[in-house]
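Below is one structure, written out as structure tokens; comments come after it.
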Amino acid sequence: MRVMIVVWPLTAHLHPALPIAWALQGAGHDVCVASHPDLSGAITDAGADAIELGTPDTVPSPAAVGDFLLPAQDRERLTATLSIPPDDDLWTTFSTYTLAASRLFHPEENAAQDRWRSVDALVEATRGWRPDLVLWDPNWPSAAVAARACGAAQARLLWGPDYIGRAELLIDRHRKELADAGLRDPVAETVRPAAERHGVNVDTELLLGMFTVDPMLPCMRMPFRGRTVPVRRIPYTGHAVVPRWLDAAPRRPRVALTLGTTQRAYRNDLGLVETLLEAVDGLDAEVVATLDASQLAGRAVPDNVRTVDYLPLDLLLPTCAAIVHHGGIGTLSTAIAHSVPQLVVSDESAVAYASNARHVSAGGIGLSVDAAQPAAEIRRQLRRLLTDADFGQNADRMRTDWLSMPSPSDIVPTLERLTTDRH
């Protein structure tokens, strides 16, 4: 079987897909990973074959995602028509960041020819590589168009919460209200021009896949009306030379402090860095902070803090008693895999992380605190995390739930069967 995996160009989207690629390869299948040229190095460094969709000077940079937000007036009308409360952060995440990420590589109707290069490159690559199955990132739905145009089976491969699947459920309940208001399904309208360009009908299977591979724990999974193939999310976050100091048992509790690769890429975390460094200053703990030079510029680093530019969390966390982080799903999931209690610190603008913070608190595996709180309050919550044994016990239980999920190797026969049934 030949499998093409299409990922949106962030390592936060790539990393959870790679263990599935390796499992397929281990079972004897041919696998490639298609994405923006900016991601090719990360793909090949991980031992996978990369297909570049266009060239850096012909397709938009992922850094331009903010330019593709749905206009505020359209978002407000859509939210009001669907009777969605203004504090529904899951919907806010969908209607802002999720839609913008999809719109970045999906031209609107009557767009200039150069806007079609990434879509056309994907269809051409799919025709040339001839996959039997295309597993696609929900933020790159034209992969489903390419698969159908080439006769391949296709399914969504989630990297985190299923914002789109949930949104489609909400939209489906209010089709009449949308029509009466002269509004359309934004998911369908994002992919429709690409579908029409390549002679493909827009239907539920195109939007949501023949099935969905979902790495979220059952307690964190969003409602979805289609077929789901659950899979255990393997905590791969890159590779590095293991530093020798990591081998020595820490003399004091070791605390990881990270703000993730996505926050670093978009420089959304610079104000939070100073607050967190102040919060851990003087704490009776050894803090390992994965912060780079730009995040640390002009800031004093406390004596109990060791800074490293980058260290994969699956190397660091087995030595840690706690982790302080921004609420990203990759960081949260890696901490669960290693039974490490968590303190989530995020500001009100980080709406995409709000539901993750709630899962941490609701599961008893950690605490969450608003970044607007003074450093002293963040320090108090971290001390509580380090001294209350209940957090560690709850983290152990959630790790057991994680281990009970099918591994990537376990789902390979299911992927084979679903692909064969399609043909």
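The values are calculated or read from the model by the stated rules, or taken from the named source; none is laboratory data. Everything numeric in this text was worked out from a predicted model, so none of it was measured. Using ideal geometry, Cβ is built from the backbone for each residue, glycine included, and neighbour counts are taken over all protein chains shown.
Summary of values
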| item | result |
| --- | --- |
| Test for A195: is it under 20 Å from D137 (Cβ atoms) and assigned to a helix (DSSP H, G or I) | yes |
| Matching entry among W136, W140 (being of a type in the set (F, W, Y), crowded, with 23+ Cβ neighbours inside 10 Å and touching a His at 6+ places or on another chain (Cβ under 9 Å)) | W140 |
| Enumeration of residues in the range 6-55 that are within 27 Å of A100 (Cβ to Cβ) and of a type in the set (D, E, K, R) | D38, E52 |
| Conditions (1) part of a helix (DSSP H, G or I); (2) out of contact with any Phe, Trp or Tyr (no Cβ under 9 Å at 6 or more places or on another chain); (3) surrounded by fewer than 21 Cβ atoms within 10 Å (Cβ to Cβ); number of the one not met by L207 | (3) |
| Test result for P413, modelled with pLDDT of 95 or more and assigned to a helix (DSSP H, G or I) | yes |
| The one condition in (1) in contact (Cβ under 8 Å) with a residue 60 or more places away in the chain; (2) assigned to a loop (DSSP other than H, G, I, E, B); (3) within 30 Å of G328 (Cβ to Cβ) that D87 fails to fulfil | (1) |
| Every pair of residues 6+ apart whose Cβ atoms lie under 9 Å, when the first sits in the range 204-220 and is on the phi < 0 side of the Ramachandran plot while the second is basic (K, R) and surrounded by fewer than 19 Cβ atoms within 10 Å (Cβ to Cβ) | T204/R225; L208/R225; M210/R227; M210/R422; F211/R227; T212/R227; D214/R221 |
| Filtered residues of the range 313-338 (kept if small (G, A, S), closer than 13 Å to V255 by Cα and either at pLDDT below 95 or surrounded by fewer than 24 Cβ atoms within 10 Å (Cβ to Cβ) (or both)) | A321 |
| Selection status of W136, more than 19 Å from the chain's Cα centre (by Cα) and modelled with pLDDT of 95 or more | no |
| Exclusive hit being modelled with pLDDT of 95 or more and in the same structural domain as N110 (by TED's automatic domain parsing), set L217, L257, L178 | L217 |
| Out of P215, P186, P138, sole residue that is in contact with a helix residue (DSSP H, G or I) (Cβ under 7 Å, 6 or more places away or on another chain), of a type outside the set (A, V, I, L, M) and closer than 30 Å to T400 by Cβ | P138 |
| Selection from the range 329-344 of residues that are assigned to a strand (DSSP E or B) and under 17 Å from T93 (Cβ atoms) | V344 |
| Failed item, numbered, when A372 is tested on (1) at pLDDT 95 or above; (2) outside any helix (DSSP H, G or I); (3) among the aliphatic types (A, V, I, L, M); (4) more than 21 Å from the chain's Cα centre (by Cα) | (1) |
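Every residue, every condition in (1) closer than 26 Å to D421 by Cβ; (2) in the same structural domain as A144 (by TED's automatic domain parsing); (3) more than 21 Å from the chain's Cα centre (by Cα), yes or no:
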site: P9; (1), (2), (3): no, yes, no
site: H13; (1), (2), (3): no, yes, no
site: A17; (1), (2), (3): yes, yes, no
site: G26; (1), (2), (3): yes, yes, yes
site: S35; (1), (2), (3): no, yes, no
site: G54; (1), (2), (3): no, yes, yes
site: A64; (1), (2), (3): no, yes, no
site: P71; (1), (2), (3): no, yes, yes
